[in-house]
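What follows is a short report on a single structure.
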Amino acid sequence: MILESLELLNYRNYPELKIEFIEGNNLILGRNAQGKSNLLESIYFLSHQKSFRASRMRDLVLEGRENAYVKGVIIDDERRFSLKVGISPGGRTAQLNGQIMETPGKARGVFKCVMFSPDDLYLVKGDPSRRREFMDETVEGLGPVRAQVTADYRRALKQRNALLRDWEKYGRALEDAMDPWDDALSRAGAAVVVERRKMLSAMSESVLRSYEEVTGAEKKVELGYRGSFEAGPGRREEIEKSMRQALSHASVRERKARTTLVGPHRDEVEIRLGGRDTRALASQGEQRTLSFCLRIAQKEYLESETGRVPVMLLDDVFSELDSQRRKGVLRAAGPGAQSLVTATEMPAEKQGGEGRVFVVEKGSVSVV
Ligand SMILES: Nc1ncnc2c1ncn2[C@@H]1O[C@H](COP(=O)(O)OP(=O)(O)OP(=O)(O)O)[C@@H](O)[C@H]1O
Ligand SMILES: [Mg+2]
């Protein structure tokens, strides 16, 4: 996919912006706090309809304004389409080719990108929720149909947790009230587990290969998926049954905890390097390289599952990596992929190279 042009209105520190990118490498230079990360974040937002670094939607809107939008024109094979996501106090809206979509969720993953950010270190170092978010983000990148799985699960979980929060209120009616949500949660939960297992088995190979490439095969990487309930390697229906059973076994504990204790929202991904747990034992550099390899794996997975090459957004990666790894990044980004790379200074690898160079200054962008 190629992001041909981008238009912003009141997004973060951009009152108004219209720019055109080229098919290959786009280098975005600027001093600190000028808007480099905001620019890439807006593109991520166009794809995922959420930010990877703000939890409140209104943080994305320029201070003092109410409404914002991000609009992109995207080339997907022979097809060209426009996608616009608006933010207003009432929520988000999405438009595809000028037509308002039924729900903004339907636009999720229509435009595909993979974001490399300095915060990616927490994919390895952070708590398990970071790795679950990574898996959900990957599923959501596969497009609206497969993204529905995570949305269904979240909805069922929310409803079920609401019941458990004050279960006494329901008296004898509790079982009847819980029943449909146990079904819904198990059904959606099993679908999430199937997606995650498939993804991790594909990504294990990618991560292993790219880690070897970048470091020269020092240590072996393994990804493992640890579920919160016992489920054999079976099909979706069998996993659903196991989850339903695990939920009924946990019912006393769940009432005490007032929350759902079983399901993919409690699952963990283990990343092992040379047989050791990376979260506690890997060095900072190893963690950084691994998180970078997870992004490459994400890109390769989106590509192999959908046949689309995602746009690569690389925020500040050059300041974080040594020259060997920088080369790895550039190799992973191309050929065939459009890349948007930010840096505070012209990186040595780029000098004299092809591509378009932009300079960001206080929320405005010019082509050099
Ligand atoms: N909603 C908002 N309204 C106005 N300004 C904002 C908003 N959100 C963030 N900013 C500001 O935008 C500026 C640019 O932020 P950004 O993270 O894009 O910088 P950057 O160019 O990536 O810098 P660095 O090199 O330090 O990473 C910051 O000063 C930030 O405070
Ligand atoms: Mg930044």
Original post:
If Glu63 satisfies every condition in (1) away from ligand 2 (no atom under 16 Å from the Cβ); (2) not in a loop (DSSP other than H, G, I, E, B) but one, which is the exception?
Top reply: (2)
Original post:
Just a yes or no: is a residue in the stretch 19-36 of a type in the set (Phe, Trp, Tyr) and either more than 29 Å from Ser319 (Cα to Cα) or within 15 Å of ligand 2 (Cβ to nearest atom) (or both)?
Top reply: no
**OP:** Could you tell me which numbered condition Arg146 fails, if it satisfies all but one of (1) at pLDDT 95 or above; (2) among the basic types (Lys, Arg); (3) farther than 19 Å from Tyr11 by Cα?
**Re:** (1)
Original post:
For residues in the stretch 38-65 being near ligand 1 (Cβ under 7 Å from one of its atoms) and open to solvent by 10 Å² or more (accessible area, probe 1.4 Å), which is nearest to Val365 (Cα to Cα)?
Top reply: Asn38
Subject >> 2 or more residues open to solvent by 70 Å² or more (accessible area, probe 1.4 Å) and free of Cβ contacts under 8 Å to residues at least 60 places away in the same chain: qualifying helices (runs of 4 or more DSSP H) within the stretch 73-174 >> reply: 128-141, 144-165
Original post:
Within the stretch 48-57, is there a residue that is of a type in the set (A, V, I, L, M, F, W, C), in a loop (DSSP other than H, G, I, E, B) and over 18 Å from Lys18 (Cα atoms)?
Top reply: yes
**OP:** Check Arg295, Arg276, Arg266 and return the single one that is open to solvent by 60 Å² or more (accessible area, probe 1.4 Å) and closer than 29 Å to Leu142 by Cβ.
**Re:** Arg266
**OP:** Go through the stretch 326-368 and tell me which strands (runs of 3 or more DSSP E), entirely inside it, have 3 or more residues that are at pLDDT 95 or above.
**Re:** 356-361, 364-367
**OP:** Could you identify the single residue in Gly30, Gly24, Gly35 that is among the small types (Gly, Ala, Ser) and open to solvent by 10 Å² or more (accessible area, probe 1.4 Å)?
**Re:** Gly24
**OP:** Could you check how many residues of the stretch 4-21 are open to solvent by 20 Å² or more (accessible area, probe 1.4 Å) and part of a loop (DSSP other than H, G, I, E, B)?
**Re:** 2
Original post:
Can you name every residue in the stretch 203-231 that is open to solvent by 80 Å² or more (accessible area, probe 1.4 Å) and either among the aliphatic types (A, V, I, L, M) or in a helix (DSSP H, G or I) (or both)?
Top reply: Glu205, Arg209, Glu212, Glu213
Original post:
Going by the conditions given, is Ala184 assigned by TED's automatic domain parsing to the domain that holds Glu137, farther than 22 Å from Gly143 by Cβ and either open to solvent by 70 Å² or more (accessible area, probe 1.4 Å) or assigned to a loop (DSSP other than H, G, I, E, B) (or both)?
Top reply: no
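The values are calculated or read from the model by the stated rules, or taken from the named source; none is laboratory data. Quick caveat, the model's predicted, so the values are computed rather than measured. Note: ideal-geometry Cβ built from the backbone for every residue, glycine included; neighbour counts use all protein chains shown. For the accessible areas, the whole protein counts, side chains as well, though only heavy atoms, and no ligand, DNA or RNA atoms are used. Shrake-Rupley method; radii C 1.70, N 1.55, O 1.52, S 1.80 Å.
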